[in-house]
Structure formats: structure tokens, C-alpha cells
Amino acid sequence: MATTELPKFELLSLADNTSGWGPLTTSSSSVEPVPFQQFNKADRIGRVADWIGVDRFFRRGNERYNERVYGSAANAGSQFDYIHGMDEHNFQLVDTSKPMARNPQRNFRVRQMHLRKMMQKEVEKREMVNQTTNLRMKRSIAKEQQRAFKMWQRRGGNARQGQRGQGGRFGGDRPKERLPSVQVRPEWGVLEEMNLSAFSKLALPNIPGGEDIGDHQYGSLQYYDKTVDRVSVKNSVPLQRCAGVYYNVTTTEDPVIQELAQGGVGNVFGTDIILATLMTAPRSVYSWDIVAYRIGDKLFFDKRNTKDILNPVETLTVSETSAEPPSFDGNGLNNARDLATEAFYINQNFRRQVVKRNEPGFTFKNVRVPFEDEETGDATGTAYKYRKWNLGNGVDGKPVELVCRTELDGVIHGLGNETQTLTIKAFNEWDSSQAGGVDWRTKLDVQKGAVMATEIKNNSAKVAKWTLQALLAGSDTMKLGYVSRNNARSTQNHSILNTQYVKPTEFASNIALNMDNCWGILRCVIDSCMKQKPGKYLLMKDPQSPVIRLYSLPEGTFDSERESSEEENSDDDQ
């Protein structure tokens, strides 16, 4: 077996430099000379390997820092100097074109073009809103009316009969602040209770439109001033205090109705506001009362004489059907009684301000109103028309012929210069934060439909009465105004912020006012009164529950109030 020899390891011989540092310049060994950095005689030990090289040579003041610290490196070699292989001078740009600077004028034109596009979009948006205002208004009115009706159901029959859950506004308790319109006396007997919730199911269809009774049209009306249509929130007009007279003659004191009753024209008599109160009874929350006289085969719906204050039937309630109605006994300006008085004077001033009072108007067949004061000669600015309806056969088999005194507030030139009649009413804003409404000054010009929907929800009974008065009078158009306080804490100054035209029949549909149902309610009340024997009766809406009670009144009830009022008037005349 052959053996392999191991490699030999031999140490190289190194020459010893006894006279200096580093290897000898000439060596007799087999190792080739290794390049090294030359040294200066003044170099210190720390400078044996100068990795910084000439880059460390700099001045500090007038002194050569490197020479003093490390000695001179001028004679040092450059064997170990670093040479960058990729100098920046070797780079070349691929794109040799010059960069283009942005033109500030072009940027301005681009911004201006974007601004014009934004303005154009805004204009198109406004035009679209204007085109769809009527449709949106109808939808919002219908939606708010449905919501108000549901709220009425929750706050109405179920709530006031003690069936409300604990989540209601009154925590299951009935409201205790609503007082009856007249104090019920022990001797008054309750003949019948009519539940208002059942009234919503009544209907008397196919009632023809009312017809004017002969020449019984009285008064004169001024033409509407169309410059009021330009009023807006930005161009508001102060509400003026217009002088005038207001007559609230009741049914039995009206000489025309007395003449018609004696002449056998009709067997049921009333004024438009009294009949409208009965026909919209399910929408009412506050208490009211109507006196019914059963004389022979005739029936007169009358109102109590309340001396110097407005009768509850005539009162223009404010926020009656809102979620948080104002309190009757509240202090300050915003209690229910003071708000109703404020609304009454606002309506009287508004209907006189929006007509041309200094120009000739439209005169009906009889210029003078029979119950106007001949001595003063003050005109009311209201015309009266006496109209008749046939409501079918009554409980005794005889036809029920209704005679009503209706009111008109103005006239306007229609198409073809045709004279059309107007019913003029005004909403009033008192404090949107307390009324549960919207701020008119920010929403009225851009969202009029939402403002109207809120007013219909908060004043359902009042708006329904206005609409029925216009329908009973045969008015062609309703003119609605929006009047607001200049200062929410003062009732002295008001401004007209906007106006609006509505057709009575279309508006009735928008507020869910069904005329068949209204005629059915009135016919039900008439039948209940006609079943009674001749005498005096009282229909009173209960303040706590949705019920109308029919009371029998003893002879002479309320006569003392009427006599005392007549005596006071005679004393004043003397």
C-alpha cells in the first residue's frame, strides 16, 4: 500500500528593518515589495495610516492645522487616495428638453372656468327647485298632515280617555290646564254625547255647490295690490296698523237672516265661522261652545255674547295642534290668549294693507251692509253673501235647507280681466324656538312648502276653518300671508315676509279636508238638534276629551250677559 506524503509547511523568511519603520525597500526574499504609504519624519504614531489623506488638510485661521497636529502631508503618497469611479460628470439626461414653467395666467383661466361651472350648476339647481316647488310642497304638506293626524290620534281619543302609554307628553295623565269655554252649571242636563273620533267615518256625498240667495249680497271690496307679491324675506314690508271696523254680528241678530227665516227661505241658519267650527270639530283641541235655538221647525246656530273679548268660535288659535301648545295661564307674551289676540289683529291689518284702499273697488248689488253703523259710515272692507245648500231630507222627512252668511275680503283681476273674489288670511310667527316650527327668515324664501307644512301641522283646526270659509263663500282664490314679529319679545311691530296664492279646492285636498266628511259631520249635529223639542241648547267641545256634549239650557240662560252688554252699549252712546 502506497503512502501519501503530507504537504510541507514552511515559514517565509522576513527581512528585519532595523533602521526604520515598515519593510525594506529592497528585499532579498521571495516576497515582492508591498506598496505602502510613505511617512514623513515628523509624523506621529497616530498618523501611521492616513486614511483621510489630503482631505484633512485645511486651515484654521492663519494656522496650518494638519501640519501642527499631524505634520505635513504634502510629500505623502497618493496610493491609497479614494477615487470615485462614477463621477457626476459622467451622467447624461435622457430627456434633453427644457422643463416648461407653469403659466399663471392659464391657472387663473382654469380656476375661472371651474367657478363658472359651479355657478351654472347652482343656477340649474335653483331652477329645478323652483320647478318642483309645487310638487314638493304638496308632498310635504301631505306628509306633515298625515303625521299630524297620527299625532292627533295619539294625543286625542286614546290619550284623553286615559289609554295613553307612559311615553306620552303628559305621562299618561290628561292635561289639566285646558279650561272649558263656559262653566257648566248643575241645572244643565246632558242630552247627548257625540264622539269626535266617530265623526271621521261620516260622509254626506253629492252635496251640490251653494247658490246665492237672490240679491242678498252686501258691501264693496277693494282690488288686491299685486305689488305685495314681490315681498320676500330680503324685501320685507312692515305691517301697518290700518284703521277699520270689525263686525261680529251673530246669527239671530242678523237682520237679513231674520228676514229670510220669516220668508221661509231655509230652516237651518248660521254664519260661516260657526258652521266651519262644527264641520272641523275633530281637528280642534281647545274648548268652544255654540248655542242652538230650536224655534218651531227651524234651527239657529248662534254664539254667546262675550262682551269685549272674542268668542272662542271666532278666536284665531295659535299652535293649537302642535306638540307643545302654549299655556293658557303662562306669563309673558306667549300665552294662548294673548297669542290669539295678536293673531286676530294681524289678520285684520293684513287684509286691509294688501288691497288698494284709495282706489275705487268692486261693489256688490247692495252697497250698504245692513248691520253697519249708518252714523259713522265706517266700512269694514268685507263683503257678505248669503248662500243656501240642500242637505237632503232630515229626521222629520223634510228637506234640510241650510242658509249661511259668508264673507269675502277682496277682489283681483283674473284672466281676461275677469273679477275674482279673494279670501285673505295670514299666518303669524311668534317664536319658532318655542312653537316647534322653523325659522321663517332663513327658510321661507327657499323652502316655503316646508314652512307651510309646519304651519298646517301646528294649526290644523285654524287652517281648516279658513279653507271652509273660502269654500262656503265660493271664493275663487285664497291669499295667504306670512307675518312675523320684528322682535320675538315684542308684539308691537311686525313685518310681512312673504305671500302665497292657493286655490281653495286644491288646498283642501292638500290638508286632507274632505267636504263629504264635513257635510256629514254638520248633518249629524243638525239631526241631533232637530230631534229635540223647541228650546235653547248648548253644544260644547270638552277641553279634555274629543267629545261634543249637547246640553239643554233653562230659559233665560246667557240672557243676562246679553242684556248687560246692551245696557253698556246704550250708556256709551249717551
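Bear in mind these aren't lab numbers, they're just calculated from the coordinates by the rules spelled out. Treat the numbers as computed from the prediction; the structure is a model and nothing was measured. As a convention, Cβ positions derive from the backbone with ideal geometry for all residues, glycine included, and neighbour counts pool all protein chains shown.
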Expected sort for 380-388, 511-519 on mean C-beta neighbours within 10 Å, highest first, is 380-388, 511-519
Under Stokes-Einstein, the range 345-470 at 37 °C and 0.692 mPa s, with its Kirkwood radius over C-alpha pairs, diffuses with a coefficient in µm²/s of 181
Between the modelled labels at Asn195 and Glu506 (7 Å from Cα along Cα→Cβ) the distance in nm is 3.9
So Asp215 and Asp542, fully extended at 0.36 nm per residue minus their Cα-Cα distance, gain in nm 113.8 nm
One finds, for Val245 and Lys531 with R0 = 30 angstrom and r their Cβ-Cβ distance, a FRET efficiency to the nearest 0.05 of 0.15
Note: Phe344 to Phe328 extended length (0.36 nm per residue) minus current alpha-carbon separation gives 4.1 nm
Magnitude of the Cβ-charge dipole (Lys and Arg +1, Asp and Glu -1) of the range 258-329 about the Cα centre, nearest 20 debye, reported as 240
Binned at 10 Å starting from 0, the alpha-carbon pair-distance distribution of the range 445-554 in whole percents comes out as 11, 30, 28, 21, 9, 1
Within the range 421-438, the residues whose backbone N lies under 20 Å from a label point placed 7 Å from the Cα of Asn493 along the Cα-to-Cβ direction are 428-432
